[in-house]
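Visitor: Below: one structure in structure tokens.
The values are calculated or read from the model by the stated rules, or taken from the named source; none is laboratory data. Not measured: the values here are computed from a predicted model. Every residue, glycine as well, gets a Cβ built from its backbone with ideal geometry; the counts of neighbours run over all protein chains shown. In case anyone asks, the SASA skips ligands and DNA or RNA and just uses the protein heavy atoms, side chains included. Shrake-Rupley method; radii C 1.70, N 1.55, O 1.52, S 1.80 Å.
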Amino acid sequence: MVLAAGAPAAFSAPSPSPSPSLSVTSAAPAAGAAQDAAAVVGGERLGRPAVQVAPRTGAPELPATLTGRSWLIADAATGEVLAARNAHLPLPPASTLKMLFADTVLPKFDRTLEHRVAPAELAALGAGSSLVGIKENLPYRVEDLWRGVFLASGNDAVHVLSHMNGGLARTVTQMQERATALQARDTRVVSPEGYDQDGQVSSAYDLTLFARAGLRNPDFRGYCATRTARFPGAVDKATGQRSAFDIANTDRLLGKYPGLIGVKNGYTTNAGATFTGAAEREGRTLLVTVMHPEQQSKVYDEAAALLDWGFAAAGKVEPVGRLVEEETPPDASAAPSAEAPATGVLPHAIQQADHALGPAGWTALAFGAALALWAAGRLRTRRRPHTAALPVLPGGVPVPPRPDYAPHIAYSLPARTAAGSTPRGSTAVGGATAVGGSTRRRLTRHARTLARATRARLGATTTPRRGRRR
């Protein structure tokens with residue numbers, strides 16, 4: 001809730017009428033009055049300015065005292081809109097925008113987490129903002145901050161949570177993204193708490209979407225249904241003990257209207273009064289939103305009257321639209337992995353090595369590697385410490401060593417006896433092998449010679465010349 005308004009928001013809307021026109025199913029829309037059905041979220045009738053209702057036989061009449069410029073009542077479970085007026089009319093939302101803030105930020109922090117409030121987190125509050133009374137340089141639990149948001153409509157609590165979330169600008173961006181995911185296309189977020197800002201608008205339809213999404217979160221539902229709570233205060237300088245004080249929910253219907261769950265109220269000079277509520281009766285939950293009635297105090301009366309009508313009319317009216325579901329994000333698993341190359345494609349470093357070697361280099365390397373592998377047999381090869389294993393190309397050929405890609409191949413020399421001879425059964429490549437005698441030693445010498453020649457050839461073709469950079 002905000003007690004004073006900033007600059008007026010930019011929007012265009014028809015003036016309120018004491019006796020709004022009524023549109024029933026049998027009435028044909030005036031030419032050019034209705035929007036394209038495909039462009040109206042929730043159904044074509046919700047884009048019309050007149051009251052939309054489709055009564056069956058025996059349905060009660062809508063309350064005759066409704067003055068809200070925009071309102072909507074819907075079934076929370078089915079999403080059926082029972083009646084509406086100017087459902088998509090963009091209007092300043094005031095503190096009812098805090099429902100979208102909670103939809104966005106509430107799931108991110110454990111309710112028991114403690115946060116010490118820095119002075120900068122309370123520095124950008126608008127003049128006349130409603131406050132719960134947060135003190136700088138003191139710790140607060142996240143659950144206390146959320147009670148400050150829902151009960152006292154504290155803009156200071158919103159700002160602290162926004163800074164915890166990465167800052168005001170980041171939070172506003174995420175709120176807009178959340179609104180887009182919920183298909184709330186009438187909403188433009190400029191401030192996270194709903195304080196009046198140029199261009200910041202929402203609609204009765206969008207606010208109802210925010211309430212419906214929020215009530216699916218048990219913490220959201222619990223906070224908005226809380227009537228009173230104790231809130232941490234300042235530290236007594238004499239005793240060193242921290243005080244606490246009572247806060248009460250500013251929703252005037254909570255505890256008075258039978259079955260009311262919440263959700264959020266708001267008021268600014270520019271927006272007038274706004275209210276979104278949810279009530280449950282005989283297993284049915286209804287959602288209602290009223291924006292900008294002729295008198296601020298009437299917002300609760302008109303919301304209660306619409307709820308009474310909705311419970312009486314359930315099953316006796318045809319829906320005039322529907323609350324849409326949240327858009328499903330793209331399946332992340334369908335995206336190609338950035339770590340694994342596609343089938344048949346060599347990693348970038350291997351492609352570079354292939355380009356640098358040329359046919360002759362590959363032939364020499366393959367021949368030398370084949371001799372070394374044959375001499376080693378099937379047993380494991382000992383490696384020097386800190387020697388990285390090189391990738392292997394299709395066919396078992398290792399990637400050639402390059403100064404800018406991988407360390408050179410390390411060869412383990414055989415252990416020698418005290419007399420300087422090579423023990424029987426050992427190999428120059430490491431480990432025991434069945435290859436022995438003169439054949440083994442001859443193959444070992446060939447492998448070493450070929451490996452040295454290959455390294456020299458690679459050094460000549462891949463090492464850049466030193467000199468001045470251009």
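Visitor: Determine the gain in length on full extension of the stretch GLN183-THR57; use 0.36 nm per residue of separation and subtract their C-alpha separation, reporting nm with one decimal.
Guide: Values: separation 126, 0.36 × 126 = 45.36 nm, distance 3.35 nm.
That works out to 42.0 nm of additional length.
Visitor: Rounded to a whole number of µm²/s, how large is the Stokes-Einstein D of segment 113-194 at 37 °C and 0.692 mPa s, given Rh as the Kirkwood radius over C-alpha pairs?
Guide: Roughly 249 µm²/s, to the nearest whole number.
Visitor: More than 21 Å apart: what percent of Cα pairs in segment 164-284 qualify?
Guide: Everything past 21 Å amounts to 53 percent.
Visitor: Along Cα→Cβ, 7 Å out, is where each label goes; now give me the distance between the ones at ALA64 and ARG284 in nm to one decimal.
Guide: A separation of 2.4 nm, rounded to one decimal place.
Visitor: What number comes out for the charge environment of PRO139, summing +1 per Lys or Arg and -1 per Asp or Glu over other residues with Cβ under 13 Å away? Before the final figure, lay out the partial values.
Guide: Working: positive: ARG116, LYS135, ARG141, ARG242; negative: GLU114, GLU121, GLU136, GLU143, ASP144.
Residues near PRO139 contribute -1 overall.
Visitor: Follow-up. Just to confirm a number: summing +1 for Lys and Arg and -1 for Asp and Glu over residues other than ARG111 whose beta-carbon lies under 12 angstrom from that of ARG111, what do you get?
Guide: On the way: positive: LYS108, ARG141, ARG147; negative: ASP110, GLU114, GLU143, ASP144, ASP219.
Net local charge, ARG111 excluded: -2.
Visitor: How would segment 155-212 be classified by its alpha-carbon gyration tensor: rounded, prolate or oblate, with rounded meaning a/c under 1.5 and the a/b versus b/c comparison settling the rest? Each step should come with its number before you reach the end.
Guide: On the way: a/c = 1.85, a/b = 1.58, b/c = 1.17.
Cα axes put segment 155-212 in the prolate bin.
Visitor: Right, another one. Please work out how much length the chain gains when fully extended from ALA127 to THR328, using 0.36 nm per residue of separation minus the C-alpha to C-alpha distance, in nm with one decimal. Could the numbers behind the result be given before it?
Guide: Details: separation 201, 0.36 × 201 = 72.36 nm, distance 3.92 nm.
Result: 68.4 nm gained on full extension.
Visitor: Just grab the label-to-label distance for GLN241 and THR228, each label 7 Å out from Cα along the Cβ direction, in nm (one decimal).
Guide: Here the modelled spin labels are 2.0 nm apart.
Visitor: Further question on the same structure: Would you mind telling me the share, in percent, of accessible area of segment 187-238 contributed by carbon and sulfur at probe 1.4 angstrom?
Guide: That share works out to 48 percent.
Visitor: Then there's this: What FRET efficiency comes out for the pair ARG252/LYS135, r = Cβ-Cβ distance, R0 = 41 Å, nearest 0.05?
Guide: 0.90
Visitor: Past 19 Å, Cα to Cα: identify those pairs from LYS256/LYS298; LYS98/LYS264; LYS98/LYS256, in the order given.
Guide: Exceeds cut-off: LYS98/LYS256.
Visitor: So which lysines can LYS135 reach, going by Cα to Cα under 17 Å and dropping same-chain residues fewer than 8 places off?
Guide: LYS237
Visitor: Next up: Among residues other than TYR223 whose Cβ falls under 14 Å from its Cβ, what is the net charge (Lys/Arg +1, Asp/Glu -1)?
Guide: That works out to +3.
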